[in-house]
Ligand SMILES: C[S@@+](CC[C@H](N)C(=O)[O-])C[C@H]1O[C@@H](n2cnc3c(N)ncnc32)[C@H](O)[C@@H]1O
């Protein structure tokens with residue numbers, strides 16, 4: 001696949017629109033078929049194919065094979081995949097629902113905690129990531145996507161499994177997470193790893209790009225997880241494997257009382273969970289995955305003491321909830337909640353909070369096509 005960024009040009013057949021001049025982003029395969037076309041107009045309007053290559057609202061973006069002369073015209077405007085993915089990640093096409101407000105909150109929340117995420121106590125996300133990646137049975141030389149990679153809980157185990165001859169791409173909405181994880185990959189000398197800003201509901205990787213896709217604790221926070229799961233299917237080669245994790249519930253088992261103690265301090269609306277929460281296995285099946293397997297497994301959040309545990313709540317996936325405590329109530333909330341948690345501590349004062357995690361895997365059938373028609377119908 002080749003990627004292009006071509007500005008509007010009046011000498012060509014580019015049609016003028018009342019949105020003004022435009023810039024085309026195009027992904028074109030070796031046979032000259034345009035797989036994705038996104039047009040950004042001077043007025044800020046953005047139109048695009050959606051994930052399933054349907055026309056946009058204006059009917060102007062039907063799937064097509066470019067003529068040789070068009071391909072030649074595009075040639076000087078080729079950009080790197082990284083530039084293409086980065087540009088698309090920042091765009092909100094008008095023919096798709098605009099979730100940019102909700103996604104900006106997610107990106108900001110994870111930016112706030114990127115430097116410390118999973119760095120307190122034992123690495124909870126790291127443990128789950130190891131386990132999830134283990135279920136995929138990765139082999140050396142394979143290509144893997146970590147969708148919503150955060151600080152690399154899945155990405156680093158995947159990089160170890162595929163080795164320097166493999167490839168691991170991580171994408172995340174939060175620039176802070178991307179910067180931290182890219183820096184860590186560089187520190188570890190992992191030349192097989194690339195970390196990019198990207199939206200897992202709008203990933204700009206071509207079909208059959210990966211042998212495995214892994215996504216830890218991301219699906220529940222997506223407005224349209226069905227888009228993401230269909231994209232995972234499309235990006236996998238036939239026979240490729242998917243692994244995803246979600247929390248079964250917030251504060252699981254005996255720690256539920258802590259959630260109850262926190263509740264009166266929470267203001268504003270709860271972070272919106274995907275409408276598919278709890279039904280992710282059906283999402284995998286609907287997207288065409290075979291051999292979908294689901295297992296709920298316990299994992300422990302282990303912290304040396306209650307103070308560290310309270311800080312952990314602020315620096316983990318609970319951040320969105322903790323941000324709902326009004327600034328004036330924070331000391332009181334800490335007192336009340338840690339008092340409740342005290343009786344749950346281990347005899348030495350440390351914390352072992354058991355959390356149930358749902359691990360799901362699926363396989364793209366050997367006979368499956370790319371998912372979504374990529375040839376004219
Ligand atoms: C709970 S963290 C999990 C991170 C990592 N996968 C792990 O297992 O530790 C969720 C991550 O998903 C990212 N995220 C949320 N929505 C996203 C989206 N639409 N596209 C890409 N990343 C997203 C967040 O920025 C955050 O880094």
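The values are calculated or read from the model by the stated rules, or taken from the named source; none is laboratory data. Remember, predicted model here, so these are calculated numbers, not experimental data. Glycine also receives a Cβ, built like all others from the backbone with ideal geometry; neighbour counts cover every protein chain displayed.
Residues of segment 312-367 that are within 16 Å of the ligand (Cβ to nearest atom), over 21 Å from residue 254 (Cβ atoms) and not in a strand (DSSP E or B): 314, 315, 319, 320, 323.
The condition of being surrounded by 12 or more Cβ atoms within 10 Å (Cβ to Cβ) and at pLDDT below 70 holds for only one of 96, 12, 36, that being 96.
Taking the listed residues 25, 64, the one that is modelled with pLDDT under 70 and either in contact with a strand residue (DSSP E or B) (Cβ under 6 Å, 6 or more places away or on another chain) or within 27 Å of residue 288 (Cα to Cα) (or both) is 64, with no other qualifying.
Here segment 217-263 is the region considered, the condition is being surrounded by fewer than 19 Cβ atoms within 10 Å (Cβ to Cβ) and at pLDDT 95 or above, and the residue that is nearest to residue 361 (Cα to Cα) is 239. Candidates are the residues of segment 98-129 that are without any contact (Cβ under 8 Å) to a residue 40 or more places away in the chain and part of a loop (DSSP other than H, G, I, E, B); the one that is farthest from residue 306 (Cα to Cα) is 98. Looking only at residues of segment 310-333 that are more than 20 Å from residue 269 (Cα to Cα) and out of contact with any strand residue (DSSP E or B) (no Cβ under 8 Å at 6 or more places or on another chain), we find that the one that is surrounded by the fewest Cβ atoms within 10 Å (Cβ to Cβ) is 331. The single condition among (1) more than 8 Å from the ligand (Cβ to nearest atom); (2) under 17 Å from the mean Cα position of the chain (by Cα); (3) under 26 Å from residue 270 (Cα atoms) that residue 177 does not satisfy is (1). Would it be correct to say that residue 214 is crowded, with 24+ Cβ neighbours inside 10 Å, closer than 19 Å to residue 237 by Cα, in contact with a helix residue (DSSP H, G or I) (Cβ under 9 Å, 6 or more places away or on another chain) and touching a residue at least 60 places away in the same chain (Cβ under 8 Å)? Yes; evaluated as a whole, the condition is true for this residue.
The set of residues in segment 127-144 being surrounded by fewer than 19 Cβ atoms within 10 Å (Cβ to Cβ) and either closer than 20 Å to residue 294 by Cα or outside the structural domain of residue 163 (by TED's automatic domain parsing) (or both) consists of 127, 130, 134, 135, 137. For segment 167-193, a residue qualifies if it is farther than 21 Å from residue 235 by Cβ and in a helix (DSSP H, G or I), and the qualifying residues are 175, 176, 179, 180, 183, 184, 186, 187. Being in the same structural domain as residue 280 (by TED's automatic domain parsing), within 9 Å of the ligand (Cβ to nearest atom) and either on the phi < 0 side of the Ramachandran plot or assigned to a loop (DSSP other than H, G, I, E, B) (or both) is a property that residue 196 lacks.
Filter segment 117-129 down to the residues that are touching a helix residue (DSSP H, G or I) at 6+ places or on another chain (Cβ under 9 Å) and modelled with pLDDT of 95 or more, then identify the one that is nearest to the ligand (Cβ to nearest atom). Even if it seems obvious, please write down each step before you answer.
Narrowing segment 117-129 to residues touching a helix residue (DSSP H, G or I) at 6+ places or on another chain (Cβ under 9 Å): 117-118, 120-121, 123-124, 126, 129.
Right, trim to modelled with pLDDT of 95 or more and you get 126, 129.
On the way: 126: 8, 129: 5 Å.
Here the residue is 129.
Could you check, for segment 94-104, whether at least one of its residues is farther than 15 Å from residue 196 by Cβ and more than 16 Å from the ligand (Cβ to nearest atom)? Scanning segment 94-104 turns up at least one residue that is farther than 15 Å from residue 196 by Cβ and more than 16 Å from the ligand (Cβ to nearest atom). Hey, does segment 130-149 have a residue that's away from the ligand (no atom under 13 Å from the Cβ), under 19 Å from residue 232 (Cα atoms), touching a residue at least 60 places away in the same chain (Cβ under 8 Å) and in a helix (DSSP H, G or I)? Yes, because at least one residue in segment 130-149 is away from the ligand (no atom under 13 Å from the Cβ), under 19 Å from residue 232 (Cα atoms), touching a residue at least 60 places away in the same chain (Cβ under 8 Å) and in a helix (DSSP H, G or I).
Listed residues 75, 104, 114, 86; which is modelled with pLDDT of 80 or more and under 30 Å from residue 163 (Cβ atoms)?
Going through 75, 104, 114, 86 in turn, the sole match is 114.
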